[in-house]
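The values are calculated or read from the model by the stated rules, or taken from the named source; none is laboratory data. As the structure is a prediction and not an experimental result, all values here were calculated from the model. Every residue, glycine as well, gets a Cβ built from its backbone with ideal geometry; the counts of neighbours run over all protein chains shown.
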Amino acid sequence: MGDLAKYILLLLAGLGAMMFGMQVLSDSLTKLSGKKLRGALSRLTSNRFNGIFIGGTVSAVIHSSAATTVMVVGLVNSGILTLFQASSIIMGANIGTTVTGLMLSLQSLPITEIFAALAFVGIVMILFTKKPFFKALAYVLIGFGLLFVGMNVMSSSMKSIINSHENIKDLFWKVKNPLLLLLLGALLTAIMQSSTTMTAILIVLATNGLIRLESAIYVVLGMNLGTCATSLIASIGANTNSKRAAMFHLMFNLIGTVIFFCLLYIPPLKNWLVHSVLFGNNPNKIAYSIAIFHAVFNLTTTAILVPFVNPFVKAVSKLVPEKKPKNEDDQMHLRYIDERFLVTSSIAVGECKREICYMAERAFKNFTLSIDSIIDVDLSKKEDFEKRERKIDFLNKEITKYLVKLTSSNISEEDERMIATYYHVITDLERIGDYAENIIEYTQRLIDDGTRFSPAAVEELKEIYACISNLYLSSVQAFNY
(Lines give C-alpha, C1' and ligand atoms only; values in the text may rest on other atoms or scores of the structure.)
Protein backbone atom coordinates (compact mmCIF):
# COMPACT_ATOMS: atom_id res chain seq x y z
CA MET A 1 0.00 0.00 0.00
CA GLY A 2 1.34 3.46 -0.94
CA ASP A 3 2.03 6.14 1.65
CA LEU A 4 -0.81 8.36 0.38
CA ALA A 5 -3.38 5.56 0.66
CA LYS A 6 -2.15 4.74 4.17
CA TYR A 7 -2.42 8.35 5.31
CA ILE A 8 -5.90 8.72 3.77
CA LEU A 9 -7.05 5.59 5.63
CA LEU A 10 -5.63 7.05 8.86
CA LEU A 11 -7.44 10.31 8.13
CA LEU A 12 -10.74 8.43 7.70
CA ALA A 13 -10.04 6.39 10.85
CA GLY A 14 -9.49 9.62 12.79
CA LEU A 15 -12.72 11.07 11.39
CA GLY A 16 -14.56 7.89 12.41
CA ALA A 17 -13.11 8.00 15.94
CA MET A 18 -14.06 11.68 16.26
CA MET A 19 -17.65 11.05 15.07
CA PHE A 20 -18.01 8.01 17.35
CA GLY A 21 -16.68 10.01 20.29
CA MET A 22 -19.21 12.75 19.51
CA GLN A 23 -22.02 10.17 19.47
CA VAL A 24 -20.90 8.60 22.78
CA LEU A 25 -20.58 12.05 24.35
CA SER A 26 -24.03 13.07 23.07
CA ASP A 27 -25.73 9.86 24.27
CA SER A 28 -24.14 9.98 27.72
CA LEU A 29 -24.91 13.68 28.26
CA THR A 30 -28.50 13.02 27.17
CA LYS A 31 -28.72 10.23 29.75
CA LEU A 32 -27.39 12.51 32.49
CA SER A 33 -29.75 15.36 31.61
CA GLY A 34 -32.79 13.43 30.33
CA LYS A 35 -35.23 14.63 33.01
CA LYS A 36 -34.02 18.21 32.73
CA LEU A 37 -34.47 18.19 28.94
CA ARG A 38 -38.05 16.93 29.32
CA GLY A 39 -38.70 19.49 32.05
CA ALA A 40 -37.31 22.34 29.95
CA LEU A 41 -39.65 21.52 27.07
CA SER A 42 -42.65 21.19 29.37
CA ARG A 43 -41.98 24.68 30.81
CA LEU A 44 -41.62 26.30 27.40
CA THR A 45 -43.70 29.48 27.06
CA SER A 46 -44.24 32.08 24.35
CA ASN A 47 -41.16 33.99 25.60
CA ARG A 48 -38.77 33.89 22.64
CA PHE A 49 -35.65 34.29 24.82
CA ASN A 50 -36.69 31.31 26.92
CA GLY A 51 -37.01 29.32 23.67
CA ILE A 52 -33.59 30.47 22.47
CA PHE A 53 -32.03 29.39 25.78
CA ILE A 54 -33.70 25.96 25.63
CA GLY A 55 -32.73 25.46 21.97
CA GLY A 56 -29.14 26.40 22.74
CA THR A 57 -28.98 24.11 25.77
CA VAL A 58 -30.44 21.08 23.99
CA SER A 59 -28.18 21.60 20.97
CA ALA A 60 -25.10 21.97 23.19
CA VAL A 61 -25.99 18.79 25.12
CA ILE A 62 -26.65 16.57 22.09
CA HIS A 63 -23.91 18.29 20.04
CA SER A 64 -26.09 18.70 16.97
CA SER A 65 -28.23 21.59 15.80
CA ALA A 66 -29.50 19.31 13.00
CA ALA A 67 -30.78 16.73 15.53
CA THR A 68 -32.37 19.52 17.58
CA THR A 69 -34.21 20.99 14.59
CA VAL A 70 -35.36 17.50 13.52
CA MET A 71 -36.71 17.01 17.05
CA VAL A 72 -38.42 20.42 16.87
CA VAL A 73 -40.06 19.46 13.56
CA GLY A 74 -41.36 16.33 15.29
CA LEU A 75 -42.70 18.32 18.27
CA VAL A 76 -44.48 20.74 15.94
CA ASN A 77 -45.86 17.80 13.96
CA SER A 78 -47.27 16.41 17.23
CA GLY A 79 -48.86 19.74 18.12
CA ILE A 80 -46.74 20.08 21.28
CA LEU A 81 -44.98 23.22 20.05
CA THR A 82 -46.47 26.17 18.21
CA LEU A 83 -44.64 27.55 15.19
CA PHE A 84 -43.63 30.62 17.23
CA GLN A 85 -42.11 28.46 20.00
CA ALA A 86 -40.34 26.28 17.43
CA SER A 87 -38.80 29.32 15.74
CA SER A 88 -37.10 30.51 18.93
CA ILE A 89 -35.77 26.99 19.68
CA ILE A 90 -34.33 26.79 16.14
CA MET A 91 -32.51 30.11 16.66
CA GLY A 92 -31.12 28.81 19.94
CA ALA A 93 -30.05 25.53 18.32
CA ASN A 94 -27.88 27.49 15.89
CA ILE A 95 -26.10 29.11 18.83
CA GLY A 96 -25.83 25.89 20.86
CA THR A 97 -24.02 24.00 18.11
CA THR A 98 -21.17 26.54 18.22
CA VAL A 99 -20.21 25.13 21.64
CA THR A 100 -19.06 21.95 19.87
CA GLY A 101 -16.94 24.01 17.47
CA LEU A 102 -15.33 25.86 20.36
CA MET A 103 -14.62 22.52 22.04
CA LEU A 104 -13.05 21.12 18.85
CA SER A 105 -10.82 24.21 18.59
CA LEU A 106 -9.10 23.09 21.82
CA GLN A 107 -7.30 20.62 19.56
CA SER A 108 -4.77 23.42 18.96
CA LEU A 109 -3.74 23.40 22.62
CA PRO A 110 -0.50 21.58 23.51
CA ILE A 111 -2.36 19.55 26.18
CA THR A 112 -4.76 17.67 23.87
CA GLU A 113 -2.99 14.41 24.76
CA ILE A 114 -4.32 14.90 28.31
CA PHE A 115 -7.85 15.32 26.92
CA ALA A 116 -7.38 12.14 24.86
CA ALA A 117 -6.22 10.26 27.98
CA LEU A 118 -9.63 10.95 29.57
CA ALA A 119 -10.93 8.02 27.48
CA PHE A 120 -8.73 5.71 29.56
CA VAL A 121 -9.98 7.31 32.79
CA GLY A 122 -13.54 6.66 31.65
CA ILE A 123 -12.82 2.99 30.90
CA VAL A 124 -11.27 2.54 34.37
CA MET A 125 -14.37 4.14 35.93
CA ILE A 126 -16.65 1.69 34.09
CA LEU A 127 -14.64 -1.25 35.42
CA PHE A 128 -14.88 -0.11 39.05
CA THR A 129 -18.31 1.53 39.36
CA LYS A 130 -21.85 0.19 39.28
CA LYS A 131 -23.86 3.37 39.88
CA PRO A 132 -25.72 4.55 36.72
CA PHE A 133 -24.68 8.19 37.27
CA PHE A 134 -20.96 7.40 37.42
CA LYS A 135 -21.25 5.02 34.46
CA ALA A 136 -22.87 7.78 32.39
CA LEU A 137 -20.14 10.18 33.57
CA ALA A 138 -17.51 7.61 32.52
CA TYR A 139 -18.99 7.51 29.02
CA VAL A 140 -18.85 11.32 28.89
CA LEU A 141 -15.09 11.09 29.53
CA ILE A 142 -14.70 8.31 26.94
CA GLY A 143 -16.59 10.33 24.34
CA PHE A 144 -14.61 13.48 25.13
CA GLY A 145 -11.33 11.55 24.95
CA LEU A 146 -12.20 9.80 21.67
CA LEU A 147 -13.10 13.18 20.21
CA PHE A 148 -9.52 14.39 20.66
CA VAL A 149 -7.99 11.03 19.74
CA GLY A 150 -9.80 11.33 16.41
CA MET A 151 -8.80 14.97 15.93
CA ASN A 152 -5.13 14.17 16.69
CA VAL A 153 -5.09 11.24 14.25
CA MET A 154 -6.73 13.40 11.57
CA SER A 155 -4.26 16.22 12.12
CA SER A 156 -1.14 14.01 12.11
CA SER A 157 -2.25 12.08 9.00
CA MET A 158 -3.02 15.37 7.22
CA LYS A 159 0.49 16.63 8.06
CA SER A 160 1.95 13.43 6.63
CA ILE A 161 -0.07 13.84 3.41
CA ILE A 162 1.15 17.44 3.03
CA ASN A 163 4.80 16.49 3.70
CA SER A 164 4.72 13.71 1.10
CA HIS A 165 2.63 15.63 -1.48
CA GLU A 166 3.37 19.37 -1.18
CA ASN A 167 1.35 20.19 -4.32
CA ILE A 168 -1.88 19.40 -2.40
CA LYS A 169 -1.56 22.73 -0.56
CA ASP A 170 -1.44 24.63 -3.86
CA LEU A 171 -4.56 22.76 -5.03
CA PHE A 172 -6.53 23.86 -1.96
CA TRP A 173 -5.26 27.44 -2.09
CA LYS A 174 -6.45 27.86 -5.68
CA VAL A 175 -10.09 27.75 -4.50
CA LYS A 176 -10.64 31.41 -3.56
CA ASN A 177 -14.06 32.28 -5.02
CA PRO A 178 -16.30 33.22 -2.03
CA LEU A 179 -19.51 31.96 -3.66
CA LEU A 180 -17.88 28.66 -4.64
CA LEU A 181 -16.54 28.18 -1.08
CA LEU A 182 -19.98 28.95 0.36
CA LEU A 183 -21.70 26.47 -1.97
CA LEU A 184 -19.02 23.86 -1.21
CA GLY A 185 -19.62 24.25 2.54
CA ALA A 186 -23.40 24.00 2.06
CA LEU A 187 -23.18 20.93 -0.20
CA LEU A 188 -20.76 18.95 1.99
CA THR A 189 -22.73 19.76 5.16
CA ALA A 190 -26.00 18.72 3.47
CA ILE A 191 -24.43 15.42 2.35
CA MET A 192 -22.94 14.65 5.78
CA GLN A 193 -25.96 16.14 7.62
CA SER A 194 -23.58 17.38 10.30
CA SER A 195 -22.09 20.86 10.64
CA THR A 196 -20.02 19.49 13.56
CA THR A 197 -18.20 17.03 11.29
CA MET A 198 -17.61 19.80 8.75
CA THR A 199 -16.23 22.07 11.49
CA ALA A 200 -13.79 19.33 12.54
CA ILE A 201 -12.61 18.81 8.95
CA LEU A 202 -12.28 22.57 8.42
CA ILE A 203 -10.20 22.96 11.60
CA VAL A 204 -7.87 20.12 10.54
CA LEU A 205 -7.43 21.66 7.06
CA ALA A 206 -6.83 25.15 8.48
CA THR A 207 -4.36 24.12 11.20
CA ASN A 208 -2.31 22.32 8.55
CA GLY A 209 -2.24 25.38 6.30
CA LEU A 210 -4.48 23.96 3.55
CA ILE A 211 -7.08 26.70 3.81
CA ARG A 212 -6.73 30.36 4.78
CA LEU A 213 -9.04 31.99 7.33
CA GLU A 214 -10.47 34.31 4.63
CA SER A 215 -11.64 31.21 2.76
CA ALA A 216 -12.70 29.23 5.85
CA ILE A 217 -15.23 31.86 6.94
CA TYR A 218 -17.12 31.46 3.64
CA VAL A 219 -17.22 27.69 4.16
CA VAL A 220 -18.66 28.33 7.65
CA LEU A 221 -21.40 30.48 6.08
CA GLY A 222 -22.18 27.63 3.68
CA MET A 223 -22.30 25.14 6.56
CA ASN A 224 -25.13 27.11 8.15
CA LEU A 225 -27.13 26.75 4.94
CA GLY A 226 -26.29 23.07 4.45
CA THR A 227 -27.51 22.12 7.92
CA CYS A 228 -31.04 23.20 6.91
CA ALA A 229 -31.24 20.17 4.58
CA THR A 230 -31.73 17.85 7.56
CA SER A 231 -34.83 19.66 8.86
CA LEU A 232 -36.26 20.01 5.33
CA ILE A 233 -35.89 16.25 4.77
CA ALA A 234 -37.41 15.57 8.22
CA SER A 235 -40.47 17.69 7.36
CA ILE A 236 -41.37 15.49 4.36
CA GLY A 237 -44.61 13.70 5.19
CA ALA A 238 -45.19 15.86 8.29
CA ASN A 239 -48.04 18.33 8.82
CA THR A 240 -48.20 21.93 7.62
CA ASN A 241 -46.70 23.52 10.74
CA SER A 242 -43.74 21.12 10.63
CA LYS A 243 -43.03 22.19 7.05
CA ARG A 244 -43.30 25.80 8.19
CA ALA A 245 -40.77 25.18 10.99
CA ALA A 246 -38.30 23.69 8.49
CA MET A 247 -38.93 26.62 6.13
CA PHE A 248 -38.32 29.08 9.00
CA HIS A 249 -34.97 27.37 9.68
CA LEU A 250 -33.98 27.80 6.02
CA MET A 251 -35.21 31.41 5.82
CA PHE A 252 -33.50 32.42 9.07
CA ASN A 253 -30.13 30.91 8.10
CA LEU A 254 -30.38 32.18 4.52
CA ILE A 255 -30.99 35.79 5.59
CA GLY A 256 -28.13 35.63 8.11
CA THR A 257 -25.80 34.18 5.47
CA VAL A 258 -26.74 36.86 2.92
CA ILE A 259 -26.15 39.64 5.48
CA PHE A 260 -22.67 38.36 6.40
CA PHE A 261 -21.78 37.52 2.80
CA CYS A 262 -22.52 41.12 1.76
CA LEU A 263 -20.70 42.61 4.77
CA LEU A 264 -17.57 40.56 3.97
CA TYR A 265 -17.41 42.29 0.58
CA ILE A 266 -16.53 45.53 2.40
CA PRO A 267 -12.67 45.32 2.61
CA PRO A 268 -12.17 47.40 5.81
CA LEU A 269 -14.86 45.40 7.61
CA LYS A 270 -13.45 42.08 6.42
CA ASN A 271 -9.90 43.04 7.46
CA TRP A 272 -11.14 44.21 10.87
CA LEU A 273 -12.98 40.91 11.38
CA VAL A 274 -10.10 38.69 10.25
CA HIS A 275 -7.24 40.52 11.98
CA SER A 276 -8.86 42.23 15.00
CA VAL A 277 -11.84 40.13 16.11
CA LEU A 278 -10.19 36.88 15.00
CA PHE A 279 -6.51 35.88 15.03
CA GLY A 280 -5.65 36.12 11.33
CA ASN A 281 -3.87 33.19 9.68
CA ASN A 282 -1.73 32.30 12.70
CA PRO A 283 -1.60 28.46 12.38
CA ASN A 284 -1.59 28.10 16.18
CA LYS A 285 -4.79 30.13 16.57
CA ILE A 286 -6.70 29.60 13.33
CA ALA A 287 -8.81 26.82 14.91
CA TYR A 288 -10.04 29.31 17.54
CA SER A 289 -10.71 31.86 14.79
CA ILE A 290 -12.96 29.44 12.88
CA ALA A 291 -14.87 28.45 16.04
CA ILE A 292 -15.20 32.08 17.18
CA PHE A 293 -16.44 33.21 13.75
CA HIS A 294 -19.05 30.43 13.77
CA ALA A 295 -20.22 31.64 17.20
CA VAL A 296 -20.13 35.34 16.21
CA PHE A 297 -22.12 34.62 13.04
CA ASN A 298 -24.91 32.78 14.87
CA LEU A 299 -25.05 35.16 17.85
CA THR A 300 -25.12 38.24 15.58
CA THR A 301 -27.72 36.76 13.23
CA THR A 302 -29.97 35.89 16.17
CA ALA A 303 -29.51 39.33 17.77
CA ILE A 304 -30.39 41.07 14.47
CA LEU A 305 -33.35 38.89 13.51
CA VAL A 306 -34.96 37.99 16.87
CA PRO A 307 -37.16 41.15 16.88
CA PHE A 308 -38.59 40.04 13.52
CA VAL A 309 -39.72 36.54 14.56
CA ASN A 310 -43.42 37.37 14.18
CA PRO A 311 -43.06 38.70 10.59
CA PHE A 312 -40.98 35.60 9.71
CA VAL A 313 -43.64 33.30 11.16
CA LYS A 314 -46.33 35.11 9.14
CA ALA A 315 -44.19 34.90 6.00
CA VAL A 316 -43.61 31.13 6.25
CA SER A 317 -47.31 30.66 7.06
CA LYS A 318 -48.13 32.28 3.72
CA LEU A 319 -45.43 30.33 1.88
CA VAL A 320 -46.79 27.03 3.25
CA PRO A 321 -50.63 27.31 3.32
CA GLU A 322 -52.80 25.36 5.77
CA LYS A 323 -54.54 22.18 4.65
CA LYS A 324 -58.15 21.35 5.53
CA PRO A 325 -58.21 19.40 8.85
CA LYS A 326 -59.75 15.93 9.00
CA ASN A 327 -61.54 14.01 11.76
CA GLU A 328 -58.72 12.75 14.02
CA ASP A 329 -60.32 9.30 14.44
CA ASP A 330 -60.33 8.91 10.65
CA GLN A 331 -56.58 9.54 10.51
CA MET A 332 -54.46 6.53 11.35
CA HIS A 333 -51.34 8.25 12.64
CA LEU A 334 -49.69 8.86 15.98
CA ARG A 335 -50.40 12.17 17.63
CA TYR A 336 -47.31 12.77 19.76
CA ILE A 337 -44.56 10.20 19.25
CA ASP A 338 -42.45 10.51 16.17
CA GLU A 339 -39.48 8.70 14.61
CA ARG A 340 -37.64 12.04 14.76
CA PHE A 341 -37.53 11.85 18.58
CA LEU A 342 -35.44 8.66 18.59
CA VAL A 343 -32.29 10.82 18.26
CA THR A 344 -33.06 12.08 21.80
CA SER A 345 -34.43 9.09 23.69
CA SER A 346 -35.24 11.04 26.87
CA ILE A 347 -37.63 13.25 24.88
CA ALA A 348 -39.07 10.19 23.11
CA VAL A 349 -39.93 8.53 26.45
CA GLY A 350 -41.80 11.66 27.57
CA GLU A 351 -43.76 11.81 24.33
CA CYS A 352 -44.69 8.11 24.67
CA LYS A 353 -46.45 9.01 27.91
CA ARG A 354 -48.41 11.73 26.08
CA GLU A 355 -49.41 9.27 23.36
CA ILE A 356 -50.55 6.69 25.93
CA CYS A 357 -52.64 9.36 27.70
CA TYR A 358 -54.20 10.18 24.33
CA MET A 359 -54.96 6.45 23.85
CA ALA A 360 -56.50 6.42 27.34
CA GLU A 361 -58.73 9.34 26.35
CA ARG A 362 -59.95 7.49 23.22
CA ALA A 363 -60.59 4.31 25.25
CA PHE A 364 -62.57 6.26 27.88
CA LYS A 365 -64.70 7.92 25.19
CA ASN A 366 -65.59 4.52 23.79
CA PHE A 367 -66.32 3.15 27.25
CA THR A 368 -68.64 6.11 27.97
CA LEU A 369 -70.35 5.72 24.60
CA SER A 370 -70.88 1.98 25.18
CA ILE A 371 -72.49 2.61 28.60
CA ASP A 372 -74.76 5.31 27.14
CA SER A 373 -75.70 2.94 24.32
CA ILE A 374 -76.68 0.04 26.58
CA ILE A 375 -78.63 2.29 28.98
CA ASP A 376 -80.57 3.94 26.13
CA VAL A 377 -80.53 0.77 23.96
CA ASP A 378 -79.38 2.99 21.11
CA LEU A 379 -76.67 2.23 18.53
CA SER A 380 -77.00 5.42 16.48
CA LYS A 381 -73.36 6.29 17.31
CA LYS A 382 -71.99 2.85 16.52
CA GLU A 383 -70.06 4.16 13.49
CA ASP A 384 -68.19 6.69 15.67
CA PHE A 385 -67.49 3.91 18.17
CA GLU A 386 -66.05 1.61 15.49
CA LYS A 387 -63.81 4.38 14.10
CA ARG A 388 -62.48 5.04 17.57
CA GLU A 389 -61.99 1.32 18.25
CA ARG A 390 -59.90 1.01 15.08
CA LYS A 391 -57.88 4.01 16.29
CA ILE A 392 -57.31 2.35 19.69
CA ASP A 393 -56.12 -0.87 18.02
CA PHE A 394 -53.84 1.19 15.76
CA LEU A 395 -52.38 3.10 18.73
CA ASN A 396 -51.78 -0.12 20.66
CA LYS A 397 -49.90 -1.65 17.73
CA GLU A 398 -47.86 1.44 16.81
CA ILE A 399 -46.96 2.47 20.37
CA THR A 400 -45.73 -1.08 21.02
CA LYS A 401 -43.56 -0.98 17.87
CA TYR A 402 -42.18 2.42 18.89
CA LEU A 403 -41.36 1.20 22.41
CA VAL A 404 -39.46 -1.75 20.91
CA LYS A 405 -37.36 0.68 18.81
CA LEU A 406 -36.83 2.89 21.85
CA THR A 407 -35.71 -0.05 23.99
CA SER A 408 -33.02 -0.91 21.44
CA SER A 409 -31.59 2.64 21.64
CA ASN A 410 -29.21 3.95 24.29
CA ILE A 411 -31.54 4.74 27.24
CA SER A 412 -31.06 5.15 30.98
CA GLU A 413 -32.11 2.53 33.54
CA GLU A 414 -34.89 4.82 34.78
CA ASP A 415 -36.29 5.13 31.26
CA GLU A 416 -36.09 1.34 30.86
CA ARG A 417 -38.32 0.94 33.93
CA MET A 418 -40.77 3.50 32.58
CA ILE A 419 -40.97 1.71 29.22
CA ALA A 420 -41.70 -1.59 31.00
CA THR A 421 -44.61 0.16 32.74
CA TYR A 422 -45.85 1.58 29.43
CA TYR A 423 -46.16 -1.92 27.94
CA HIS A 424 -48.54 -2.92 30.75
CA VAL A 425 -50.57 0.29 30.49
CA ILE A 426 -51.24 0.07 26.74
CA THR A 427 -52.23 -3.59 27.12
CA ASP A 428 -54.75 -2.62 29.81
CA LEU A 429 -56.12 0.23 27.67
CA GLU A 430 -56.56 -2.08 24.71
CA ARG A 431 -58.52 -4.47 26.96
CA ILE A 432 -60.77 -1.61 28.10
CA GLY A 433 -61.48 -0.90 24.44
CA ASP A 434 -62.37 -4.57 23.94
CA TYR A 435 -64.69 -4.54 26.99
CA ALA A 436 -66.47 -1.49 25.54
CA GLU A 437 -66.85 -3.45 22.29
CA ASN A 438 -68.44 -6.31 24.26
CA ILE A 439 -70.95 -3.88 25.80
CA ILE A 440 -71.90 -2.69 22.30
CA GLU A 441 -72.50 -6.32 21.32
CA TYR A 442 -74.78 -6.77 24.37
CA THR A 443 -76.66 -3.64 23.29
CA GLN A 444 -77.22 -5.20 19.87
CA ARG A 445 -78.67 -8.28 21.60
CA LEU A 446 -81.09 -6.11 23.59
CA ILE A 447 -82.22 -4.44 20.35
CA ASP A 448 -82.61 -7.80 18.60
CA ASP A 449 -84.60 -9.24 21.54
CA GLY A 450 -86.64 -6.07 22.03
CA THR A 451 -85.79 -5.89 25.73
CA ARG A 452 -84.64 -3.11 28.08
CA PHE A 453 -83.21 -2.80 31.57
CA SER A 454 -85.56 -1.97 34.40
CA PRO A 455 -85.31 1.55 35.93
CA ALA A 456 -83.62 0.05 39.01
CA ALA A 457 -81.04 -1.76 36.85
CA VAL A 458 -80.37 1.45 34.89
CA GLU A 459 -79.71 3.37 38.12
CA GLU A 460 -77.39 0.60 39.27
CA LEU A 461 -75.50 0.74 35.96
CA LYS A 462 -75.14 4.52 36.30
CA GLU A 463 -73.72 4.14 39.81
CA ILE A 464 -71.23 1.50 38.64
CA TYR A 465 -70.27 3.73 35.68
CA ALA A 466 -69.69 6.73 38.00
CA CYS A 467 -67.42 4.68 40.29
CA ILE A 468 -65.45 3.20 37.38
CA SER A 469 -65.13 6.64 35.72
CA ASN A 470 -63.71 8.22 38.88
CA LEU A 471 -61.28 5.35 39.33
CA TYR A 472 -60.24 5.44 35.66
CA LEU A 473 -59.68 9.21 35.54
CA SER A 474 -57.73 9.11 38.82
CA SER A 475 -55.53 6.32 37.42
CA VAL A 476 -54.80 8.29 34.24
CA GLN A 477 -54.03 11.40 36.31
CA ALA A 478 -51.64 9.41 38.52
CA PHE A 479 -49.95 7.91 35.45
CA ASN A 480 -49.52 11.35 33.88
CA TYR A 481 -48.17 12.93 37.08
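Side notes on the structure shown:
- Among residues of the stretch 216-251 being in contact with a Lys or Arg (Cβ under 6 Å, 6 or more places away or on another chain) and assigned to a helix (DSSP H, G or I), the one that is nearest to Cys262 (Cα to Cα) is Ala234.
This table checks each residue for (1) under 30 Å from Met151 (Cα atoms); (2) surrounded by fewer than 24 Cβ atoms within 10 Å (Cβ to Cβ); (3) at pLDDT 85 or above; (4) not small (Gly, Ala, Ser).
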residue	(1), (2), (3), (4)
Ser87	no, no, yes, no
Met91	yes, no, yes, yes
Thr98	yes, no, yes, yes
Leu102	yes, yes, no, yes
Val121	yes, yes, yes, yes
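- Residue among Lys401, Lys387, Lys382 that alone is loosely packed, with under 14 Cβ neighbours inside 10 Å and more than 17 Å from Tyr465 (Cα to Cα): Lys401
- Against the conditions (1) polar (S, T, N, Q); (2) under 21 Å from Asp338 (Cβ atoms); (3) modelled with pLDDT of 90 or more, Asn410 satisfies every one except (3).
- Lone qualifier among Leu183, Leu146, Leu127, Leu188 - being more than 31 Å from the chain's Cα centre (by Cα), modelled with pLDDT of 80 or more and either assigned to a helix (DSSP H, G or I) or not assigned by TED's automatic domain parsing to the domain that holds Gln107 (or both): Leu127
- Checking Ile161, Ile211, Ile233 one by one, the residue that is within 21 Å of Ala315 (Cα to Cα) and either under 31 Å from the mean Cα position of the chain (by Cα) or of a type in the set (A, V, I, L, M) (or both) is Ile233 and no other.
- Subset of the stretch 420-461 [among the β-branched types (Val, Ile, Thr), surrounded by 15 or more Cβ atoms within 10 Å (Cβ to Cβ) and closer than 19 Å to Asp393 by Cα]: Val425, Ile426, Ile432, Ile439, Ile440
- Some residue of the stretch 5-27 being over 18 Å from Gly145 (Cβ atoms) and either surrounded by 22 or more Cβ atoms within 10 Å (Cβ to Cβ) or at pLDDT below 75 (or both): no
- Filter pass, Glu389 being closer than 19 Å to Ser28 by Cβ, in a helix (DSSP H, G or I) and among the charged types (D, E, K, R): no
- Leading residue by the ranking (surrounded by the fewest Cβ atoms within 10 Å (Cβ to Cβ)) among those in the stretch 369-379 that are assigned to a helix (DSSP H, G or I) and charged (D, E, K, R): Asp376
- Here the stretch 334-368 is the region considered, the condition is being of a type in the set (Val, Ile, Thr) and part of a loop (DSSP other than H, G, I, E, B), and the residue that is farthest from Val404 (Cα to Cα) is Thr344.
- The residue list Val377, Val343 contains one member that is on the phi > 0 side of the Ramachandran plot, assigned by TED's automatic domain parsing to the domain that holds Asp415 and either basic (Lys, Arg) or touching a residue at least 24 places away in the same chain (Cβ under 8 Å) (or both), which is Val377.
- Residue check, Leu141 in the same structural domain as Leu29 (by TED's automatic domain parsing), modelled with pLDDT of 85 or more, crowded, with 17+ Cβ neighbours inside 10 Å and over 19 Å from His294 (Cβ atoms): yes
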